[in-house]
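Participant: Encoded as structure tokens, here's the structure I'll be asking about.
The values are calculated or read from the model by the stated rules, or taken from the named source; none is laboratory data. Predicted, not measured: the structure shown is a model, and the values here were computed from it. Reconstructed Cβ throughout: ideal geometry from the backbone, glycine too, with neighbour counts over all protein chains shown. Each accessible area value is taken on the protein alone, full model and side chains, heavy atoms only, with ligands, DNA and RNA left out. Shrake-Rupley method; radii C 1.70, N 1.55, O 1.52, S 1.80 Å.
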Amino acid sequence: MATEHAHAAAADPLAGVPVLLGNHTDETLTDTLFGHVWRKPGFGWYALFGLALAGFGLFVLAIAVTLYKGIGAWGNNIPVGWAFGIINFVWWIGIGHAGTLISAILLLFQQKWRTSINRFAEAMTIFAVIQALVFPVIHTGRPWYAAYFLFPYPSTNSIWPQFKSPLMWDVFAVSTYFTISLLFWFMGLIPDLASLRDRSKGKLQKIVYGILSLGWRGSGKHWHNWKVAYLIMAGISTPLVLSVHSVVSFDFAVALLPGWHATIFPPYFVAGAVFSGFAMVVTWIVPARRFLGLKDVITMRHLENMNKIILVTGLIVSYGYLMEHFIAWYSGNEYEWSVFVNRATGPYAGVYWLMITCNVVTPNLFWFKKIRTSIPAMWILSILVNIGMWCERFIIIVTSLHRGFVPSTWEMYYPTWVDFTLFAGTIGFFSTLFLLFMRFLPAVATAEVKEARHEMEIGHVHHHPGLMKAGLPEGHAAH
Amino acid sequence: MATTETVTVGPLNLDLPRFAGGMKWIGVFGVIGVIGTGITLAGAFGGNQDAWFSYQAAFAFWTATAVGGLILLAAHHAANAKWPTAIRRPMEAVAGAMPVMLVLGIPLLLPNALSAIYPWYHPEKFDAELLHHFHGHKELYLAPGVYYVRQAIYWVVFLLATEVILSWSKKLDEVGGHEFIRKTRSFSAGMLPFIILAVTWAGFDWLMSLTPFWQSTIFGAYYGAGGFLAAIAIVTIACLATRSDRSMFGYWMTKHHQHNLGKLLLAFVSFWAYIGFSQLLLVWIGNLPEEVPYYWIRLKTGWLPMSTFLIFGHFALPFVLLVPRTVKLMPRLLMAIAIWVLFVCMVDVYWMVLPALHEDGPHYSLYNFTAFLGVGGIAAAFAIFRLRGRYLVPVKDPYLVDSLQYLQPH
């Protein structure tokens, strides 16, 4: 049967690279996919980790300065009362979306290729949301009082949060998102943690992985419960893919500022989030698959599919831009239109055109298979997308605020060194967490890849109602 | 007369006849269509505004549905999806109504129609303040000459995409192999952005400009989402209705395909609600004088019951019903839900159009019914007519085997 399937695959001239290369068994997959956990890390890992830790140092420094001096250390002013803090928040939250999309929607769509990259992307979600949360919490000025502002508990001072504010909705949306993503990720890890417990040689490793694997024995009952729970979690996560960034978009769209108040904002923000999330996955996975020896499992098929998703979501983002610009013009509303003219020709025009280049122009190169499947091209384009999406948030937030309805309120915004340092610091913190993840946990969902391999090798031995109708005996896989 | 030809694909020997039936349905739909359209257009040219608005709504609805079918078809090709191969023909049929939609749209291009339906056709009737708003970009954009140029562009896109995909599908039935599939996949991917842009602007022109001083950036997506959902509903109905005839696509639909159609209905009922909610929330909470009238008319007048009906009938009810797997696997129930969804999609377009004529609440007239049944009847008759002489299953498609052995995860 296995050879029949292999022939069928070879006979399909339109089939791409398989999702699993090489002649793997469960054993070789375990060795390949857990190898980087057992191996002592090389110089490269230490060098990167040192760099990331230095970045984390910047993070600590920027927070210390902010707490010591207050928010005045940032470049915020009136009218731009909200700048790097919210730009970076939205940027990081968006990056997390690839993980949720891969874990939830691609699972429901039965996209088998997701199994090689879901662990990686889900980890990215969690680490990115942590970075995102830093900004609003620090922006409260005195984070130790943040609970008063954010969590709806009956305060003795009669201070209640403003439930009509989308910032409040954000608290619920993002905290739900973080909780579900963490549970989903951890649940997926349990069978692999159990394998690590059983196969690791060190005593400490056995104890730690043993505790984390929650007594997993791999019995049929365990697998059954695990599968059911996984599907339920995917169902719960699916609306989250849409809701989180829709609520983030409401932060702006419910306001009456020109350039913010647009009904297209929710879906266009969601598409932008998935766009940047997938770009970040490509940025990290391209070097990781090489250095962790995962090329058999994360094949060109995965990379090409991710690039296709970047292309599609990039086109949706472009559609959003087009709608905003067209309706601003069509409406004849001078304030609305002047915001868009100011974006393209005003003092921040450079950022605007960088955004257009990175989000609208260059992703279209992915129409070409040659570029979709070129490692250097996709790596550069993925970084450009992340730059472009950061610029998008800068443009939306700063240009709408810095020139209000009355010219006497106009003011330029310039970030300070603390703004830049905190942003760089979150990149350092994110990288630190990511490198630790790749050091101590399997970067690929090994149990799921093994299952996928079994399915590919053994083929279907189920009833095929469609084939039975064609007069073929049941259980016969037709090739 | 059915001509039986044995077609061999892998181990499949499908001795399917080419489709030679359907005359009964072509007759039924054709008669309903001609009578309905005839009555509506007679009323319209007789100067009845209800007839014009009803005809406009019916045309906008059925065209969006045909475009929805085209997007469904093109998206599956672009995504290299193999599972829908066995039930691809009804998707092609929905899109295949496109040429007749162009013909049905011609009366709406006549000056009588523009004059009766669109306030921007008579800017001289605006009061001074509205005229002030109208001057500038809108005056230019909504000038009849420019309007006609845009209509031509939409139809070139819709017809080019439909006819090329359908002609390659015909060729595939003759020669088999992978070449036409490969070409269709690339062409579909390349055309999708243009189809989506065209349907967006068609929505702006046909429906949004009924209220010329109102605009919403998400309007095109809302209009397109409704048509897409209606197309899925029709494909579901067509498959379920032809389950017992071996020469029809419905027979080859397995419960796994059926489950997927149910899931698509669920997903796009939710998507419609998401887009509709985004628009409603942001307009309502913004409460701007230039934005809010659209919803004020629909929520604070006699239109409120219909708006409430849409929330429950177009979203809550089908959503709750479609969530359980067992419901999606029950053919009769799924069929009933799909028919319901098609109906509420019509109500949705009616709700977008008619309040522009009657701001105080619905004034039901005979034309409301004759228009939807008439335009829909002609479209259906034409779509079925185009299937004659074709195999109703893509017998030589190399992925038919994959489609027939497609399984849901267990």
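Participant: Could you report the accessible area of B:Tyr148 in Å², rounded to 10, computed with a 1.4 Å probe on the protein chains as they sit in the structure?
Facilitator: 80
Participant: For B:Phe369, what accessible area in Å² do you get when you roll a 1.4 Å probe over the heavy atoms of the protein chains, rounding to the nearest 10?
Facilitator: About 120 Å², rounded to the nearest 10.
Participant: Tell me the accessible surface of A:Leu182 in square angstrom (1.4 angstrom probe, heavy atoms of protein chains only), to the nearest ten.
Facilitator: Accessible surface of A:Leu182 is approximately 70 Å².
Participant: Related question: Given 37 °C and 0.692 mPa s, how large is the Stokes-Einstein diffusion coefficient of segment A:17-478 in µm²/s, with Rh as the Kirkwood radius over Cα pairs? Before the final figure, lay out each step's value.
Facilitator: Working: Rh = 23.9 Å.
The calculation lands on 138 µm²/s.
Participant: How big is D for segment A:105-252, in µm² s⁻¹ as a whole number, if Stokes-Einstein is applied with the Kirkwood radius of its Cα pairs at 10 °C and 1.306 mPa s?
Facilitator: 88
Participant: Taking the convex hull of the alpha carbon atoms in segment B:349-410, what volume per residue do you get, in Å³? Show your work: numbers first, answer last.
Facilitator: Details: hull volume 10.6 nm³, N = 62.
Hull volume over Cα atoms, normalised by residue count, gives 171 Å³.
Participant: Please sort B:205-211, A:101-107 by packing, taking for each peptide the average over its residues of neighbouring beta carbons within 10 angstrom, highest first.
Facilitator: A:101-107, B:205-211
Participant: Any chance you could check the Cα centroid distance between segment A:28-95 and segment A:376-448 for me, in angstrom?
Facilitator: First find each Cα centre; the distance between them is then 10 Å.
Participant: Here's another thing I want to ask about it. Taking a cut-off of 36 Å, what percent of all Cα-Cα pairs in chain B are separated by more than that?
Facilitator: 25
Participant: When the expected Rg is taken as 2.2 N^0.38 Å, what fraction or multiple of it is the alpha-carbon Rg of segment A:293-426?
Facilitator: Segment A:293-426 yields a ratio of 1.28.
Participant: Could you list, bin by bin from short to long, the percent of Cα-Cα pairs of segment A:269-347 in 5 Å steps?
Facilitator: Final binned percentages: 3, 14, 17, 15, 12, 11, 9, 7, 6, 4, 2, 0.
Participant: In addition: At 0.36 nm per residue, minus the direct Cα-Cα distance, what do B:Phe312 and B:Glu179 gain on full extension? Give it in nm, one decimal, please. Spell out each step's value before the answer.
Facilitator: Numbers: separation 133, 0.36 × 133 = 47.88 nm, distance 4.62 nm.
Going from the current span to full extension adds 43.3 nm.
Participant: Could you work out Rg/(2.2 N^0.38 Å) for segment B:87-149, with Rg from alpha carbons only?
Facilitator: Normalised by 2.2 N^0.38 Å, the Cα Rg of segment B:87-149 equals 1.62.
Participant: Could you let me know the centre-to-centre spacing of segment B:278-295 and segment B:176-193, using Cα atoms, in angstrom?
Facilitator: 41
Participant: Based on the Cβ-Cβ distance from A:Trp367 to A:Val286, what FRET efficiency comes out when R0 is 25 Å, to the nearest 0.05?
Facilitator: Rounded to the nearest 0.05, the efficiency is 0.80.
Participant: Treat every Asp and Glu Cβ in the protein assembly as shown as -1 and every Lys and Arg Cβ as +1, leave all other atoms uncharged, and give the resulting dipole magnitude about the Cα centre to the nearest 20 debye. Write down the numbers at each step before the final one.
Facilitator: Values: 57 positive and 44 negative charges, 503 e Å.
Dipole size: approximately 2420 debye.
Participant: Further question on the same structure: How about segment B:264-367: which trypsin sites (Lys or Arg not before Pro) there are in a DSSP loop, with at most 14 other Cβ atoms within 10 Å of their Cβ?
Facilitator: Of the trypsin sites (Lys or Arg not before Pro), the ones in loops of segment B:264-367 whose Cβ has at most 14 other Cβ atoms within 10 Å are B:Lys300.
Participant: Quick check: convex hull over the Cα atoms of the protein assembly as shown, volume per residue in Å³, rounded to an integer?
Facilitator: That works out to 175 Å³ per residue.
Participant: Separate question: May I ask for the accessible area buried between chains A and B, both sides summed, probe 1.4 Å, to the nearest 100 Å²? Let's see the in-between values first.
Facilitator: Working: alone 22450 and 17620 Å², together 35600 Å².
The A and B chains share an interface burying roughly 4500 Å².
Participant: Rounded to the nearest 20 debye, what is the charge dipole size of chain A about its Cα centre when +1 sits on each Lys and Arg Cβ and -1 on each Asp and Glu Cβ?
Facilitator: Value, rounded to 20: 1040 debye.
Participant: Using alpha carbons only, how many angstrom separate the centre of segment B:117-163 from the centre of segment A:252-285?
Facilitator: Here the answer is 30 Å between Cα centres.
Participant: Right, something else. Identify the trypsin sites (Lys or Arg not before Pro) of segment A:178-250 meeting these criteria: DSSP loop state and at most 12 other C-beta atoms within 10 Å of the C-beta.
Facilitator: Counting only loop positions with at most 12 other Cβ atoms within 10 Å, the trypsin sites (Lys or Arg not before Pro) in segment A:178-250 are A:Lys201, A:Arg217.
Participant: Using a Gaussian network model on chain B with a 10 Å cutoff between Cα atoms, which of B:Thr308, B:Thr370, B:Thr200 fluctuates the most?
Facilitator: Looking only at B:Thr308, B:Thr370, B:Thr200, the largest GNM fluctuation is found for B:Thr308.
Participant: Between B:Val320 and A:Ser408, how many nm apart are label points set 7 Å from Cα along the C-beta direction?
Facilitator: Computed distance between label sites B:Val320 and A:Ser408 equals 5.6 nm.
Participant: While we're here: Roughly how many debye, to the nearest 20, is the charge dipole of segment B:28-404 about its Cα centre, given +1 on each Lys and Arg Cβ, -1 on each Asp and Glu Cβ, and no other charges?
Facilitator: For segment B:28-404, the charge dipole is close to 1700 debye.
Participant: May I pose another question? Find which of A:Leu365, A:Ser175, A:Pro191 sits farthest along the positive direction of the dipole of chain A, computed with +1 on the beta-carbon of Lys and Arg, -1 on that of Asp and Glu, about the Cα centre.
Facilitator: A:Pro191
Participant: How far, in nm, would the chain grow between B:Ser244 and B:Ala336 when pulled straight, counting 0.36 nm per residue and subtracting the alpha carbon separation?
Facilitator: 31.4 nm
Participant: Answer with one residue from B:Val34, A:Gly215, B:Ala336: the one whose Cα lies farthest towards the positive end of the charge dipole of the protein assembly as shown, charges on Cβ with Lys, Arg +1 and Asp, Glu -1.
Facilitator: Of B:Val34, A:Gly215, B:Ala336, it is A:Gly215.
Participant: Also, I was wondering about something else. What does the extension gain come out to for A:Arg199 and A:Phe109, with contour length at 0.36 nm per residue minus their alpha carbon separation? Let's see the in-between values first.
Facilitator: Values: separation 90, 0.36 × 90 = 32.40 nm, distance 3.32 nm.
So the chain would gain 29.1 nm between A:Arg199 and A:Phe109.
Participant: Further question on the same structure: Would you check chain B for Lys pairs whose C-alpha atoms are within less than 17 Å, ignoring same-chain pairs closer than 8 in sequence, and give me the count?
Facilitator: So the count of such lysine pairs works out to 13.
Participant: If amide hydrogens are placed 1.01 Å from N in the peptide plane, which non-local residues have theirs closer than 5 Å to the one on B:Leu14?
Facilitator: Residues meeting the criterion, in which the H sits 1.01 Å from N, are B:Val7, B:Val9.
Participant: For the ranges B:69-75, B:112-118, what's the packing order if you count other beta-carbon atoms within 10 Å of each residue, average per peptide, and put the highest first?
Facilitator: B:69-75, B:112-118
Participant: Could you work out the mean count of beta carbons from other protein chains within 10 Å of each residue's beta carbon in A:331-338?
Facilitator: 4
Participant: When chain B is modelled as a GNM with alpha-carbon springs shorter than 10 Å, which of B:Ala78, B:Ala356, B:Ala336 fluctuates the most?
Facilitator: Comparing B:Ala78, B:Ala356, B:Ala336 in a Gaussian network model of chain B, the most mobile one is B:Ala336.
Participant: For chain B, modelled as a Gaussian network with Cα springs under 10 Å, which listed residue fluctuates most, B:Trp284, B:Trp201, B:Trp351?
Facilitator: Most flexible of the set in this elastic network: B:Trp284.
Participant: Just to verify a number: FRET efficiency for B:Phe369 and A:Lys164, C-beta to C-beta distance, R0 = 45 Å, to 0.05?
Facilitator: 0.60
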